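The values are calculated or read from the model by the stated rules, or taken from the named source; none is laboratory data. It should be emphasised that the depicted structure is a prediction, and the values quoted were computed from it without experimental measurement. All Cβ positions, even for glycine, are placed from backbone atoms using ideal geometry, and neighbour counts span all protein chains on display. Quick note on the areas: whole protein, heavy atoms, side chains included, nothing else; ligands and nucleic acids left out. Shrake-Rupley method; radii C 1.70, N 1.55, O 1.52, S 1.80 Å.
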Amino acid sequence: MGVTNAFKALAVVTALALPASAAAQETSVIGVSIPAATHGWAGGMNYHAQEAVNRLEEAYPQLDFVLATASDPGKQVSDIEDMMATRDIDALVVLPFESDPLTGPVKRVAEAGKWVTVVDRGLSEDGIEDLYVAGDNPGFGRVAGEYFRQQLPDGGKIVVLRGIPTTIDNERVEAFQAALEGSGIEILGMEHGNWNRDDAFTVMQDFLSKYPEIDAVWASDDDMAVGVLEAINQADRAEEMWVLGGAGMKEMIKRVMDGDRMIPVNVTYPPAMIASAIEMTALKFVSNAPVSGRFIIGSVLITPENAESYYFPDSPF
């Protein structure tokens with residue numbers, strides 16, 4: 001648990017470089033349960049999950065993977081129960097659709113003696129998983145809040161769109177609010193847009209009808225930012241405010257690169273973290289490298305000066 005992220009990353013690279021013969025040849029089954037591609041970030045996450053599974057199955061014949069995607073929490077619970085009943089999985093890599101409904105089912109997997117890796121959206125109960133892999137959610141909110149504070153030094157009026165009700169959404173919002181303390185910035189309204197551009201469009205329409213003065217919007221997600229921008233444009237209020245999303249969608253990074261006034265910056269939260277989680281879980285079965293604990297991927301402010309380093313035009317997200 002006390003090992004640094006850099007050391008952990010080195011262990012991952014080193015161990016994955018070992019030949020398959022260095023590990024036991026008994027077949028191990030790893031279940032991967034993730035949300036379906038209901039929005040852009042999830043689409044990128046699905047892409048990287050499948051890529052990691054293909055790569056690891058080719059590299060390690062002693063590993064089998066079961067990959068299932070779910071469009072709601074109930075389907076995800078059923079997928080996990082099916083993996084246990086029909087495939088007798090040895091490990092589960094799970095990105096919960098929502099925290100509360102998945103906590104009990106994932107806990108039962110752990111109680112059955114299986115390795116559990118939780119990704120991104122934490123469970124509602126601490127200590128269930130063996131490995132937790134995520135972006136720096138408090139950092140994600142803090143970096144955004146610090147930017148708002150910098151850009152609105154004399155205070156201002158803003159609105160906030162939250163994601164799906166999860167532990168990571170709580171962490172982001174709490175850190176964002178903490179970064180604004182004492183700044184004079186007033187949060188007029190805060191509603192869940194569910195990391196969905198259509199929901200965000202509806203929420204932003206409501207904000208625009210309620211508040212005649214809005215200086216900026218923390219959309220907290222690039223998919224939601226798409227819906228927010230559409231609502232602002234339809235209301236013909238684009239000259240009044242700017243929008244900060246997050247997660248590095250290529251279209252948003254391009255706008256930052258181009259100096260778009262409406263999208264001045266972005267904050268990283270890479271969907272490829274699912275590949276990190278799957279590969280680290282594989283290490284449990286193909287090497288002696290220690291992989292339990294927490295692996296947190298830092299959040300970085302993307303500006304016109306560094307945006308090119310984060311722009312991948314061929315990426316699915």
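Some points to look at:
- On inspection, D206 does not qualify as on the phi > 0 side of the Ramachandran plot and not small (G, A, S).
- Qualifying residue in segment 68-76 (condition: under 17 Å from S28 (Cβ atoms) and at pLDDT 95 or above): no
- Residue in segment 176-189 that is more than 16 Å from the chain's Cα centre (by Cα), within 25 Å of E125 (Cα to Cα) and surrounded by 21 or more Cβ atoms within 10 Å (Cβ to Cβ) present: yes
- Within segment 75-93, tally of residues that are assigned to a helix (DSSP H, G or I) and either open to solvent by 10 Å² or more (accessible area, probe 1.4 Å) or in contact with a His (Cβ under 8 Å, 6 or more places away or on another chain) (or both): 10
- Every pair of residues 6+ apart whose Cβ atoms lie under 6 Å, when the first sits in segment 225-251 and is within 20 Å of K210 (Cβ to Cβ) while the second is acidic (D, E) and modelled with pLDDT of 95 or more: M241/D215
- Test for P165: is it surrounded by fewer than 23 Cβ atoms within 10 Å (Cβ to Cβ), farther than 30 Å from S28 by Cβ and under 16 Å from the mean Cα position of the chain (by Cα): yes
- Matching residues, segment 170-182, being closer than 17 Å to I297 by Cβ and among the charged types (D, E, K, R): E171, R172
- Residue list for segment 283-296, filter: open to solvent by less than 40 Å² (accessible area, probe 1.4 Å) and in contact with a strand residue (DSSP E or B) (Cβ under 9 Å, 6 or more places away or on another chain): V286, V291, G293, F295
- Some residue of segment 176-190 being in contact with a Lys or Arg (Cβ under 6 Å, 6 or more places away or on another chain) and under 22 Å from P73 (Cα atoms): no
- Single residue of M252, M280, M262 found to be under 29 Å from V94 (Cβ atoms), assigned by TED's automatic domain parsing to the domain that holds R149 and surrounded by 15 or more Cβ atoms within 10 Å (Cβ to Cβ): M252
- Segment 94-120: number of residues that are of a type outside the set (G, A, S) and open to solvent by 10 Å² or more (accessible area, probe 1.4 Å): 11
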